[in-house]
Amino acid sequence: MDLLATTSAAAVSSYALLSTVYKSLQALYAQPAMSSSQRDNLTQAEVFLPTVDVIVPCFNEDPNTLAECLESIASQDYAGKMQVYVVDDGSANRDAVGPVNQMYANDPRFSIIFLASNVGKRKAQIAAIRSSSGDLVLNVDSDTILAADVITKLVLKMHDPDIGAAMGQLIASNRNQTWLTRLIDMEYWLACNEERAAQARFGAVMCCCGPCAMYRRSALDLLLDQYEAQFFRGKPSDFGEDRHLTILMLKAGFRTEYVPDAVAATVVPHSLGPYLRQQLRWARSTFRDTFLALRLLPELDGYLTLDVVGQNLGPILLAISSLAALAQLLIDGSIPWWTGLTIAAMTMVRCSVAALRARELRFIGFSLHTPINIFLLLPLKAYALCTLSNSDWLSRKVGNVPVEDEAQRVLAHPHVGRGAANAGGSPAPLHKASLPHRTSSLVATESISRRDHSTAFK
């Protein structure tokens, strides 16, 4: 039994050492080299305003959720030309979302593309990309609400031609719904303002997240065929599109960036079942694209190698120490004090640092994530590694969609593509009589955005 205790102590000590070095450097590099206002000290009058195509793929989306998403896009303060492509990916609830589409039927900026059958998010995006021609492409998930200045902030970042992609900061629009949504909101803050912010110091954000990511059209044109034809072990890979496209951008020599004050609020799972299915899908995607990312490391800064090692070796060491400690407890009956105290200490230090940087005591509660990680997420990642060939979306069910014909249909304003960004009348108010009334979360999103703008890097 001494072997179990020694194994557990050695693994958890190695985990603590690796995490201390990795997280310390991450916190250091996550601090901005200069303030956002200094770094992007450009007014819209001083730069060329590129045309922006906003692409919103949707599948069986809740009508109110989609309405809030489109309202936030229509309300963008961007002074340049903007076109919006809403791609209905063979939804079974087209009658329900019909009133939402009609709200924007007279807005020259909006086009609604109906696909004859469900082809998946990636192919739905590609259908719109190939139907559009803007200088920049903004991918937005249909359950995401953008702050009014998101496009402006991302465009300012993209003025550098070496940048192929940039993502905004993600928060949970339903943060206050359950204990899990509060936890996920903190997880998003840490992922954005620690992990992505540190990677952005070296121009290599490893995943420009799907809910709000902007891409350069010229870069997309080079990579679109590779993006569309991703296979894993001979089977099409239909999820993890954001991570894969980001890795392709880096392989092509483009930089990928993070813009902390471009805030987007997205709906997150409110119960464990959907959350674990989402995490399983993400874990498979991460493992698949990590192999591609490894080839990039010799060309990137040494910190990014540490980042990959920390994110992959760290969980392995934590899993070994936890399994050995559990076996020690069950077989020998002795309590693995060293393992337990080390993990608890590491957890409290990380949560305290996050609370200090974000200036919010709620991050102390993120300590709850540690037992979830050990007892649920680590076994789930092991299962993901053993089932990498499974490309099931897990959370999407395709209904029988009645269609008029097999070709895609487009509902667009007759002058679409020629109207200015602010041409035409404003779209109808969010809550028409045809839609069930629900208080918009945009106000709450904007208040959270203001808070995060001032505390993102503190």
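The values are calculated or read from the model by the stated rules, or taken from the named source; none is laboratory data. Everything numeric here is computed off the predicted structure, so don't read it as measured data. Every residue, glycine as well, gets a Cβ built from its backbone with ideal geometry; the counts of neighbours run over all protein chains shown. For accessibility, only protein heavy atoms count, side chains too; no ligands or nucleic acids. Shrake-Rupley method; radii C 1.70, N 1.55, O 1.52, S 1.80 Å.
Give the shape of the stretch 181-304 as rounded, prolate or oblate, defined through the alpha-carbon gyration tensor: a ≥ b ≥ c are the square roots of its eigenvalues, a/c under 1.5 means rounded, and otherwise the shape is prolate if a/b is larger than b/c and oblate if not.
oblate
Can you sort 228, 299, 194 by solvent-accessible area, 1.4 Å probe, largest first?
Working: 228 60, 299 145, 194 10 Å².
Output order, biggest surface exposure first: 299, 228, 194.
First compute the accessible area of the stretch 165-275 with a 1.4 Å probe, then give the percent of it belonging to carbon and sulfur atoms.
Ligands and nucleic acids excluded, carbon and sulfur give 52 percent.
Using a Förster distance of 35 angstrom, determine the FRET efficiency expected from the C-beta separation of residue 309 and residue 334, and round it to 0.05.
Working: r = 32 Å, r/R0 = 0.91.
FRET efficiency, residue 309 to residue 334: 0.65.
Using a 1.4 Å probe and counting only protein heavy atoms, arrange 282, 337, 189 so the residue with the most accessible area comes first.
Putting 282, 337, 189 in descending order of accessible area: 337, 282, 189.
What would the Debye equation give as log₁₀ I(q)/I(0) for the stretch 239-331 at q = 0.16, 0.20, 0.24 Å⁻¹, counting only Cα atoms as equal point scatterers?
For the stretch 239-331 at q = 0.16, 0.20, 0.24 Å⁻¹, log10 I(q)/I(0) is -0.93, -1.18, -1.27.
As a test question: what accessible area, to the nearest 10 Å², does residue 270 have when a 1.4 Å probe is rolled over all protein chains in place?
Taking all protein chains as shown, residue 270 has close to 90 Å².
Which value, in Å³ per residue, describes the convex hull spanned by the Cα atoms of the stretch 72-152?
103 Å³
Can you tell me how the stretch 130-238 classifies by the Cα gyration tensor, rounded, prolate or oblate, using a/c under 1.5 as the rounded cut?
Prolate.
Checking the a/c ratio against 1.5 first, then a/b against b/c, what shape does the Cα gyration tensor give for the stretch 45-200?
Oblate is the answer for the stretch 45-200, as a/c is 1.5 or above yet b/c matches or exceeds a/b.
Which pairs, out of 251/381; 23/153; 121/157; 23/381; 157/381, put more than 24 Å between their alpha-carbon atoms? Walk me through the numbers before you get to the answer.
Working: 251/381 26 Å; 23/153 28 Å; 121/157 26 Å; 23/381 21 Å; 157/381 34 Å.
Where the Cα-Cα span goes over 24 Å, the pairs concerned are 251/381; 23/153; 121/157; 157/381.
Order 59, 202, 48, most accessible first, counting only protein heavy atoms with a 1.4 angstrom probe. All intermediate terms of the calculation are to be shown ahead of the outcome.
Values: 59 25, 202 55, 48 155 Å².
Reading off the accessible areas and sorting them downward yields 48, 202, 59.
Give me the distance in nm between label points sitting 7 Å out from Cα along the Cα-to-Cβ direction at residue 96 and residue 301, one decimal.
4.6 nm
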